[in-house]
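One structure is given here, and the rest of the page talks about it.
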Amino acid sequence: MKLPWRVILLWTLPILVVGFFLWQGTFSPSPGDASGNRANTQLSYGRFLNYLESNRVQAVDLYDNGRTAIVEASDPQLNGNVQRYRVDLPEEAPELITKMREADVEIDSHDNGDNGAIWGFLGNLIFPVLLIGALFFLFRRSNQGGGGPGQAMNFGKSKARFQMEAKTGVLFDDVAGIEEAKEELQEVVTFLKQPERFTAVGAKIPKGALLVGPPGTGKTLMAKAIAGEAGVPFFSISGSEFVEMFVGVGASRVRDLFKKAKENAPCLIFIDEIDAVGRQRGAGIGGGNDEREQTLNQLLTEMDGFEGNTGIIIIAATNRPDVLDTALLRPGRFDRQVSVDAPDVKGRVSILNVHARNKKLDPDVSLESIARRTPGFTGADLANLLNEAAILTARRRKEAITLAEIDDAVDRVVAGMEGTPLVDSKSKRLIAYHELGHAIIGTLLKDHDPVQKVTLIPRGQAQGLTWFTPNEEQTLVSRAQLKARITGALGGRAAEEEVFGDAEVTSGAGGDLQQLTNMARQMVTRFGMSDLGPMSWEEQNSQVFLGGGLNRSEYSEEISSRIDAQVREIVEQCHQNARQIIRDNRVAIDRLVDLLIEKETIDGDEFRKILSEYTDIPEKEQYTPQLQK
Ligand code: ADP
Ligand code: MG
Ligand code: ZN
């Protein structure tokens, strides 16, 4: 294709000008990219000196006029494997060079040495080079006009998006609280380490395992631990990275990934979020997605294409196993499913133990009581919790993490950032009545979880909060408990109504109402706890639009209106009950409101003590004090 000169000049001139200005930045070597390695771990100068003294340093590359160094040092924890670290050096350290010489370290300097002559020479050179580059660029562009098949092929190859870690450095010891999964996967380590043990007796080694569980439960960590324990490289890619705009890119990425993996066998391939590619073919919004189907087909082909004993094990993770294509779950593919669930109390204690290893905890802090305060927390939540607590501790200039920081961190992780309390005003009083409404009903109903604390300090979206201590060992919920929860949730609105009158009620109860309506509806449609009898009318979370045959049950108009009537009846009953309890305890509430406005937070024990001066508090069989040791 011919280009008139004018066009070329028009294009190259701006390129040259821009290039000239970019030039200084791009041509001084920077330690990040010049090392050709992915992000190096940062090492403090002090540790670097230690390493130097213990003769672990092998080579040092200096950048930025000797202010940054990329250090190659062997790591005894990784069997003496060489690791790269990035070290920021102090400005004045002439003795360092001597030290390095003494330690027989290979030193290389990549200074941009502000040397006029060299720069002048380079400057002269740069223009012709840029010109040629620009011409070349134009030539290529014009040649490929519109991106033919050649270009698409390049995309997949050049942007190999999978990551490879030669050594993950994660061991089974770092994964806690998911013991069953660990036991199941222990075997995979043996497959990778000693395949002959299985092949000798004619066993076919499984190719893949599917980790199923909610986010943050440690699926990625688990996969890394398997690779770490077996001492094999870890290849990882996320399902969403397969799916690109261009058809064929995903498939070629799969091919690349498996090619690389075969070169590095034995190894482990980890495919995160496999549901992004592995969704049931030909289902979902707008029919199929060509690109995804091609990618999936390629994945299936690759998985069939090698024998189990080539030493490649594929671990995939998802939190939606229900949408996966059945072809993926067939024997010979991801035939092993291991579920990784949110940990129970014991699991949380052991996860906390793992993450407390490198943190300074006050001896008063009991990990067990933290575990008991955090039902539903995943491993990632717990790691985050301890980190938040550590940050708070540093901010408060304390030596070690104490209960106070842990407490604040839990509140923060559960309910969001703390806001500034309102000044005393009518709306503050209303919020106080609202929260105490929840708290009083929660305390006076035998079947309700006990109050942990009531607070007027805003967090996240909420202006005030009443915390309850759920009983986690219990997995079944009785009808009486559900009704108690509905009544408790209505406590806020009921208090507003009783104290301020119907006209003054606020939108603050919106969230409560949504929750309790949901509960009441489930009582009727799923748990058979109404006059409609023991029948199920709806499935949980039917994700209609995601495909995969999760249809909600059909019922007649008549049933539909009876369901509504039953839901209304349950809620109305609870509402009346809630208002009654508020009316009966008005004196106690008035006093508690004054106290709450003054103190901002009342904890459960104090709350119960004051309330018991006015009325009898029913014994809760499950109640155990949570925060005290
Ligand atoms: P997932 O892949 O299931 O979403 P990750 O493995 O990415 O979760 O977990 C994120 C982080 O949370 C981990 O790096 C680890 O610090 C912490 N974590 C999660 N689960 C556990 C666990 N079972 N034991 C120890 N730490 C965990
Ligand atoms: Mg993950
Ligand atoms: Zn409320």
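The values are calculated or read from the model by the stated rules, or taken from the named source; none is laboratory data. Here the structure is a predicted model, which means the values were calculated and not measured. Every residue, glycine as well, gets a Cβ built from its backbone with ideal geometry; the counts of neighbours run over all protein chains shown.
Restrict the check to region 321-332 and report whether at least one residue is within 16 Å of ligand 2 (Cβ to nearest atom), on the phi < 0 side of the Ramachandran plot and buried (at least 20 other Cβ atoms within 10 Å of the Cβ). No, there is no match, as no residue in region 321-332 is within 16 Å of ligand 2 (Cβ to nearest atom), on the phi < 0 side of the Ramachandran plot and buried (at least 20 other Cβ atoms within 10 Å of the Cβ). Residue check: residue 414 meets all listed conditions (1) within 16 Å of ligand 3 (Cβ to nearest atom); (2) surrounded by 24 or more Cβ atoms within 10 Å (Cβ to Cβ); (3) under 22 Å from residue 376 (Cα atoms) but one, namely (2). Take the conditions (1) in contact with a Lys or Arg (Cβ under 7 Å, 6 or more places away or on another chain); (2) within 13 Å of ligand 3 (Cβ to nearest atom); residue 493 misses just one of them, which is (1). So is residue 157 farther than 28 Å from residue 378 by Cβ, away from ligand 2 (no atom under 16 Å from the Cβ), modelled with pLDDT under 85 and in contact with a Gly (Cβ under 7 Å, 6 or more places away or on another chain) or not? When the stated conditions are applied, residue 157 does not pass them. For region 417-427, a residue qualifies if it is within 20 Å of residue 582 (Cβ to Cβ) and either buried (at least 20 other Cβ atoms within 10 Å of the Cβ) or not basic (Lys, Arg) (or both), and exactly one does: 427. The set of residues from region 257-282 being over 16 Å from residue 209 (Cβ atoms), in a helix (DSSP H, G or I) and away from ligand 2 (no atom under 15 Å from the Cβ) comprises 257, 258, 259, 260, 262, 263, 277.
Taken over region 165-185, residues that are within 16 Å of ligand 2 (Cβ to nearest atom) and within 19 Å of residue 232 (Cα to Cα) amount to 6. Tell me, yes or no, whether region 398-410 has at least one residue that is part of a helix (DSSP H, G or I), farther than 26 Å from residue 582 by Cβ and within 16 Å of ligand 1 (Cβ to nearest atom). Yes - at least one qualifying residue is present in region 398-410. Can you find a residue in region 351-370 that is under 18 Å from the mean Cα position of the chain (by Cα), more than 11 Å from ligand 1 (Cβ to nearest atom) and touching a residue at least 60 places away in the same chain (Cβ under 8 Å)? Scanning region 351-370 turns up no residue that is under 18 Å from the mean Cα position of the chain (by Cα), more than 11 Å from ligand 1 (Cβ to nearest atom) and touching a residue at least 60 places away in the same chain (Cβ under 8 Å). What do you reckon, is residue 462 in contact with a helix residue (DSSP H, G or I) (Cβ under 8 Å, 6 or more places away or on another chain) and buried (at least 20 other Cβ atoms within 10 Å of the Cβ)? The answer is no for residue 462. Of the residues screened, residue 214 is one that is within 11 Å of ligand 1 (Cβ to nearest atom) and modelled with pLDDT of 90 or more.
Within region 428-446, is there a residue that is β-branched (Val, Ile, Thr) and surrounded by fewer than 22 Cβ atoms within 10 Å (Cβ to Cβ)? No, because not a single residue in region 428-446 is β-branched (Val, Ile, Thr) and surrounded by fewer than 22 Cβ atoms within 10 Å (Cβ to Cβ).
Residues in region 206-220 that are of a type outside the set (A, V, I, L, M, F, W, C) and within 12 Å of ligand 2 (Cβ to nearest atom): 213, 214, 215, 216, 217, 218, 219, 220. Looking at region 328-368 only, could you name the residues that are in contact with a Gly (Cβ under 6 Å, 6 or more places away or on another chain) and closer than 19 Å to residue 171 by Cβ? The answer is 340, 343, 347, 350, 351. Scanning region 206-246 for residues that are in a strand (DSSP E or B) and surrounded by 20 or more Cβ atoms within 10 Å (Cβ to Cβ) gives 208, 209, 210, 211, 212, 234, 235, 236, 237.
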